[in-house]
Amino acid sequence: MAKLASAVLAQARAWIGRNEADGTHKGIIDVYNGHKPLARGYKVKYTDAWCATFVSAVAIKCGLTGIIPTECGCGQMIALFKNLGEWQESDSRTPSPGDIIFYDWENDGETDHVGIVEKCENGIVYTVEGNTSDTAHPNGDVVAQHSFPVGSSSIYGYGTPAY
């Protein structure tokens, strides 16, 4: 179990810094588009939002698409986690490394973003996310690490792969 989650995290971390500005994010999208069948038959464009594509590409690279569904949209990915019985809709859950974290920035019941939990310590969830922002990429176009308090109102829920 821990070995598979560690592989997911190692792959996610390997892509930290890939971004749209220099085109290195294209390799992530290429991994996703090279996997068949494509979710809903849709080939992701380099200009599309790619947070769910990032999570899916990590799963593809790790050979774990049976427990981390491939999808290019957050809502559709949640539906697939629910079908697998791997969904926990709780912002107060203490997540485990390798869990897939979904956000609802506007608190309107619609998911806006997704990432991968690195760890949870002292009430803080640490993540790796694609198509997000950092100080060098404020427009949301990089793979970067973030942290949020457990129980943040922005956390929608978690995909909990059966590692």
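In the range 48-123, the portion of solvent-accessible area held by carbon and sulfur atoms comes to 40 percent [1.4 Å probe, whole percent, DNA, RNA and ligands not counted].
Could you work out the relative contact order of the chain, using alpha carbon pairs under 8 angstrom and six or more residues apart, expressed as a whole percent?
26 percent
Efficiency by 1/(1 + (r/R0)^6): what FRET value for residue 26 and residue 106, r their Cβ-Cβ distance, R0 = 22 Å, to the nearest 0.05? Once the sixth-power term is evaluated, E becomes 0.15. Applying the criteria of a DSSP loop state and at most 14 other Cβ atoms within 10 Å to the chymotrypsin sites (Phe, Trp or Tyr not before Pro) of the range 1-50 yields 42, 46.
Please give the per residue accessible area of the chain, computed with a probe of 1.4 Å over protein heavy atoms only, in Å².
Values: 7350 Å² over 163 residues.
So the chain comes to 45 Å² accessible per residue, rounded to a whole number.
This structure gives log10 I(q)/I(0) by the Debye sum over Cα atoms at q = 0.15 Å⁻¹, computed directly, and of (i) -0.72; (ii) -0.91; (iii) -0.83 that value is listed as (i). Give the residue list of trypsin sites (Lys or Arg not before Pro) in the range 1-106 that are DSSP loop and have at most 12 other beta-carbon atoms within 10 angstrom. Hits after loop and neighbour filter: 43, 45.
The values are calculated or read from the model by the stated rules, or taken from the named source; none is laboratory data. Small disclaimer: the values here were computed from a predicted structure and weren't measured. Methodologically, a virtual Cβ is constructed for each residue, glycine included, from the backbone with ideal geometry; neighbour enumeration extends over all protein chains shown. Accessible surface is based on the protein model in full, side chains and every heavy atom, while ligands, DNA and RNA are left aside. Shrake-Rupley method; radii C 1.70, N 1.55, O 1.52, S 1.80 Å.
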